[in-house]
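Engineer: Structure incoming, see below.
The values are calculated or read from the model by the stated rules, or taken from the named source; none is laboratory data. These figures come from a predicted structure and were not determined experimentally. Quick reminder, even Gly has a Cβ in these numbers, built from the backbone with ideal geometry, and neighbours come from all protein chains shown.
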Amino acid sequence: MRLVDFLRGREATTIAEISAALGVSARTVHRDIATLREQGLPIASDTGPGGGVRLERDRGVTAVHLAIEEVVALWLAASLSSTGSSLPWGSAARSGLDKLFASVPRERARNMRELCQRVVVGRPASPRVLSELGAPPAELLAIFEQAFREQVCMAFDYEDRNGQRTRRCVEPHGLLVESPVWYILARDMEKEAARMFRMDRVHRPRLVPERSFTPDMEGLKAQALAQRSEGPR
């Protein structure tokens, strides 16, 4: 799949370029090209100056293989483009994603949609939030993405608006994006309560792979509403 995607993004390339880009040997590239040709993909190769390896585009290659997280990234980009103002091709982005969902097996499409439904896009961040916004730790993105995708808990130190730090272990059920700020929508394991954590107030994030959970955005929302109605204890 990676080889096909690499070839699709270029008019022509060389075995050496493919080998370097994919981190495999030239022998592996030759073998995989042969395998793809046996499967019917129109891969041509020329020798001499100006030659190389290429897909014969006029014969077409219809399959596009996207990882689930790549689909979520596209969905998020399309959602963000529609929040600030009306942009050209904004509706086409969502339409294209609907076609992508329709083109994959039903179970895979369901998994993609479920992951996308856990991402909430709100209004852009307020001037007050922007004025106090700090930088999140460099490792937070990768750790959050893995915990979110693999449905495992994450732990971190959290600094509240008063500068007080506490240790948290949470189930990251959802993501709220108020561009350019994002928040972890979570269930705090120790407090057994719904909580929202701003990304720049998170410190020392780490995975807790031995603690898994089942995403439940509706349950988390209901818990948050119940906590709000109860008021401070």
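Engineer: Being under 14 Å from Asp200 (Cα atoms) and modelled with pLDDT under 95 is the filter; apply it to the stretch 142-161 and report the residue that is surrounded by the most Cβ atoms within 10 Å (Cβ to Cβ).
Structural biologist: Once the filter is applied, the top-ranked residue is Asp160.
Engineer: I've got another one for you. Of all residues being touching a residue at least 24 places away in the same chain (Cβ under 8 Å) and more than 13 Å from the chain's Cα centre (by Cα) in the stretch 131-145, which is farthest from Arg198 (Cα to Cα)? Just the residue, please.
Structural biologist: So the residue we want is Glu139.
Yes/no matrix, rows are residues, columns are (1) closer than 21 Å to Leu66 by Cα; (2) out of contact with any Lys or Arg (no Cβ under 7 Å at 6 or more places or on another chain):
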residue	(1), (2)
Met1	yes, yes
Asp5	yes, yes
Glu11	yes, no
Ala20	no, yes
Ser25	no, yes
Leu36	yes, yes
Gly40	yes, yes
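Engineer: Does the stretch 80-96 contain at least one residue that is modelled with pLDDT under 75 and within 26 Å of Thr13 (Cβ to Cβ)?
Structural biologist: no
Engineer: What is the residue count in the stretch 109-125 for residues that are free of Cβ contacts under 8 Å to residues at least 12 places away in the same chain and surrounded by fewer than 13 Cβ atoms within 10 Å (Cβ to Cβ)?
Structural biologist: 1
Engineer: Any chance you could count how many residues in the stretch 188-216 are surrounded by 17 or more Cβ atoms within 10 Å (Cβ to Cβ) and within 10 Å of Met154 (Cα to Cα)?
Structural biologist: Total satisfying the criteria: 1.
Engineer: Of the residues in the stretch 193-233, how many are touching an Asp or Glu at 6+ places or on another chain (Cβ under 7 Å) and touching a residue at least 40 places away in the same chain (Cβ under 8 Å)?
Structural biologist: Number satisfying all stated conditions: 5.
Engineer: Name the residues in the stretch 29-70 that are of a type in the set (Val, Ile, Thr), out of contact with any helix residue (DSSP H, G or I) (no Cβ under 8 Å at 6 or more places or on another chain) and modelled with pLDDT of 75 or more, would you?
Structural biologist: Matches in the stretch 29-70: Thr35 only.
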